[in-house]
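Chemist: Mind having a look at this structure? Questions to follow.
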Amino acid sequence: MFKESFNELNYGDIQESPTTITPSNLENAINSSQQKLLNLQHDEGYWWFELEADCTITAEYIMMMHYIGDIDINLQNKMAVYLRARQTEDGSYPLFTGGSGDISCSVKVYYALKLAGDTPDQPHMAKLRKFILSQGGAAKANVFTRIALATFEQVPWRAVPYIPVEIMLLPKWFPFHLDKVSYWSRVVMVPLFILCTLKAKARNPQNIDILELFITHPDKEKHYFPKRGWLNKLFLGLDKLGRITEPLISQKTRNKAIKLAEDWFIERLNGEDGLGAIFPAMVNAYEALLLLGYSKDDPKVQTAKKAIDKMLVTRNQDAYCQPCLSPIWDTSLAALALQEADKNKNKPALTRAYNWFKSKQLSDEPGDWRIQKPDLAGGGWAFEFENPHYPDVDDTAVVAFAMADSGYPDLKKSVQRATNWVVGMQSQNGGHGAFDADNTCYYLNEIPFADHGALLDPPTADVSARCLMLMSKTLKDMPANRVAIARSIEYLRNEQEADGSWFGRWGTNYVYGTWSVLMGLEQTDLPKNDPMYTKAAQWLKSVQHEDGGWGEGNESYHDTKTRGQFHTSTAFQTAWAVLALLAAGEKDSSEVKAGIQYLLRHQLQDGSWKDDWFTAPGFPKVFYLIYHGYNLFFPLWALARYRNELNKT
């Protein structure tokens, strides 16, 4: 176990560091942060920070307990404390700090709190109900929320899309097929097919309803599916046709489809790390097993429940549920920060980390990515502790780059295997997706089920940049990668926005995307006067705050006019911007110096930085995350990189 819990620390006061950058105060800041990070390493060699989402996941955990009828009252009470504390002034629940209220999250929280014993006449519940009704009522919640409500008999099953389990029988040439959607969609949908087809019914032992959240009685509501365009209208027509023809499906066909779905997700249950290693899929699998007749004592059911409970963070006063676990990602970024800080002094800790990485590298395991790349040898890493069916391209690129950058012995084989896999996962347009190649059937985002707009895993600039970073770093030993590198650069050139920035799919947002790409380009032989560099650097300078820092809110996923804007600077985004500008050759610029001064001024006495902002989207516009390590390893990385650049002159 690690020596201290990052999220339960008393940060103390902000240090009053001088605004003038001197070697001593820079070195002191680096040493303090470095020691803090070293203290958090687990004995096995990895780093692992809590990964916190909006209130949806924790509300869903409470709902799961009432669905099963197995309620841990103490845990439920702590989760209710957590949920109540995060309500905003207008009574709603947003998807991220400072965001506007989200009706779907708010509906789930209301139901969870009512299940936990809160009554509609309590002030916080009345305010929450008023917000939900002002948004059109619970009928306007998203598809996933309405599916949950259907299982609790709060809305009729016609309120959810028609997703029969017979989808499992569709041929690959059919417009919709599992192979055409993202990994996270597959693992969530397959057990959900069973739940929806068999019309799962929650035990709901206290018979709690939320009819007060509907403007029109849910049985009389006619507008569960707003029309979004001609293609969506077409899919809605097919949805209606499917419901009409469902009675024609024979029981033999249905049983065959159910068995296919059951076998599919059981093969991928992934032990105590869970189906897809993500909470929504795990819950669906757990509930589907019980619906199919597995007893609570069945080893599969017990293991599925243990996987869910590994996500819990239980503290003295409250508790919440994480959406997934992030040890590979945390460890790779911590390693890069410590390497930048002091590659020699930190070698013992880094060697333990790399030995742990070597034990987690995948090889010949079955994986859904092989559907597109059947002849490609494995070599990637997952995001989580275990998730062999779904290695993560982004994580693999960062881990292998860190290994290559270390120069330590006995890592070359792992690096080359990983690089070969990353090169092989390149999509036809030169970019890289997170888990699959060429996952680009964009028309599927118009099906009624996909109102979240996150059904696919297409190439993105940030993941592609990390792959470029790795491929370029290993080019000397693997010259055949030159073609893939050229294609990657061209993809990134085409993805650059007119103002010089790049969109950040997996981190908030254009600051993250721009940092990602410039770090990747730095490893290439592209000259620093190339417009990709100069336009990006100019954009970063243009959005710097008066205090010297940078900050961008998740609002920029909803309104691109707010890109690079936020009401405050943040340490992690300031670090991204500084690292990006250093990659662009701007070490002597006033903007970089001001950014470093911001980090020095805002460092806390324990060596960390304030840690309370949502740092990344799980899915833009739908689901956001706080990586609780970002305000430690990114500022350390930026300070150390700046010091090292100064020492070169």
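Chemist: Which one of the conditions (1) in contact (Cβ under 8 Å) with a residue 60 or more places away in the chain; (2) within 13 Å of Asn631 (Cβ to Cβ); (3) out of contact with any Lys or Arg (no Cβ under 8 Å at 6 or more places or on another chain); (4) hydrophobic (A, V, I, L, M, F, W, C) does Ala577 fail to meet, given that it meets all the rest?
Modeler: (2)
Chemist: Let me ask another. Please verify whether Ala584 is in contact with a helix residue (DSSP H, G or I) (Cβ under 7 Å, 6 or more places away or on another chain) and over 30 Å from Gly101 (Cα atoms), treating the condition exactly as stated.
Modeler: For Ala584, the condition - in contact with a helix residue (DSSP H, G or I) (Cβ under 7 Å, 6 or more places away or on another chain) and over 30 Å from Gly101 (Cα atoms) - is met.
Chemist: Suppose we keep only residues that are assigned to a loop (DSSP other than H, G, I, E, B) and more than 27 Å from the chain's Cα centre (by Cα) within the range 499-536. Which one would you say is nearest to Ala434 (Cα to Cα)?
Modeler: Residue satisfying both the conditions and the ranking: Thr524.
Chemist: For the range 546-649, please list each of the helices (runs of 4 or more DSSP H) lying entirely inside it that holds at least 2 residues being modelled with pLDDT of 95 or more, surrounded by fewer than 19 Cβ atoms within 10 Å (Cβ to Cβ) and not assigned by TED's automatic domain parsing to the domain that holds Leu350.
Modeler: In the range 546-649, the matching helices (runs of 4 or more DSSP H) lie at 590-602, 630-647.
Chemist: Could I ask something else about it? Are any of the residues in the range 436-447 of a type in the set (Gly, Ala, Ser), within 30 Å of Ala349 (Cβ to Cβ) and in a loop (DSSP other than H, G, I, E, B)?
Modeler: First, the residues of the range 436-447 that are of a type in the set (Gly, Ala, Ser): 437.
Next, from what is left, pick out any that are within 30 Å of Ala349 (Cβ to Cβ): none.
So far as the range 436-447 goes, no, none of its residues is of a type in the set (Gly, Ala, Ser), within 30 Å of Ala349 (Cβ to Cβ) and in a loop (DSSP other than H, G, I, E, B).
Chemist: Can you tell me which residue in the range 108-137 is farthest from the chain's Cα centre (by Cα), limited to those that are part of a loop (DSSP other than H, G, I, E, B) and buried (at least 16 other Cβ atoms within 10 Å of the Cβ)?
Modeler: Out of the qualifying residues, it is Asp118.
Chemist: Also: Residue check: is Pro175 part of a loop (DSSP other than H, G, I, E, B) and closer than 21 Å to Glu446 by Cα? Let's see the steps before the verdict.
Modeler: Values: part of a loop (DSSP other than H, G, I, E, B): yes; closer than 21 Å to Glu446 by Cα: yes.
Considered against the rule, which asks whether it is part of a loop (DSSP other than H, G, I, E, B) and closer than 21 Å to Glu446 by Cα, Pro175 comes out as yes.
Chemist: Quick one: count up the residues across the range 369-392 that are outside any loop (DSSP other than H, G, I, E, B) and surrounded by fewer than 18 Cβ atoms within 10 Å (Cβ to Cβ). Give the derivation first.
Modeler: Just the residues of the range 369-392 that are outside any loop (DSSP other than H, G, I, E, B), to begin with: 369-371, 381, 392.
Going one step further and asking which of them are surrounded by fewer than 18 Cβ atoms within 10 Å (Cβ to Cβ), we end up with 370-371.
Total meeting the criteria: 2.
Chemist: Please tell me if Val543 is buried (at least 24 other Cβ atoms within 10 Å of the Cβ), among the aliphatic types (A, V, I, L, M), in contact (Cβ under 8 Å) with a residue 12 or more places away in the chain and touching a Phe, Trp or Tyr at 6+ places or on another chain (Cβ under 7 Å).
Modeler: no
Chemist: Give the residues of the range 268-301 that are part of a helix (DSSP H, G or I), free of Cβ contacts under 8 Å to residues at least 60 places away in the same chain and surrounded by fewer than 16 Cβ atoms within 10 Å (Cβ to Cβ), sorted by residue number.
Modeler: Once the filter is applied, which keeps residues that are part of a helix (DSSP H, G or I), free of Cβ contacts under 8 Å to residues at least 60 places away in the same chain and surrounded by fewer than 16 Cβ atoms within 10 Å (Cβ to Cβ), the range 268-301 yields Pro299, Lys300.
Chemist: Can you find even one residue in the range 172-180 that is within 26 Å of Phe435 (Cβ to Cβ) and more than 30 Å from the chain's Cα centre (by Cα)?
Modeler: Yes.
Chemist: Next question, about the same structure. Return yes or no: is Phe193 of a type outside the set (A, V, I, L, M), over 24 Å from Pro120 (Cβ atoms) and either touching a residue at least 60 places away in the same chain (Cβ under 8 Å) or buried (at least 22 other Cβ atoms within 10 Å of the Cβ) (or both)?
Modeler: In short, yes.
The values are calculated or read from the model by the stated rules, or taken from the named source; none is laboratory data. In this text, all values refer to a predicted model and were calculated from it rather than measured experimentally. Cβ: placed from backbone, ideal geometry, glycine included. Neighbour counts: every protein chain shown.
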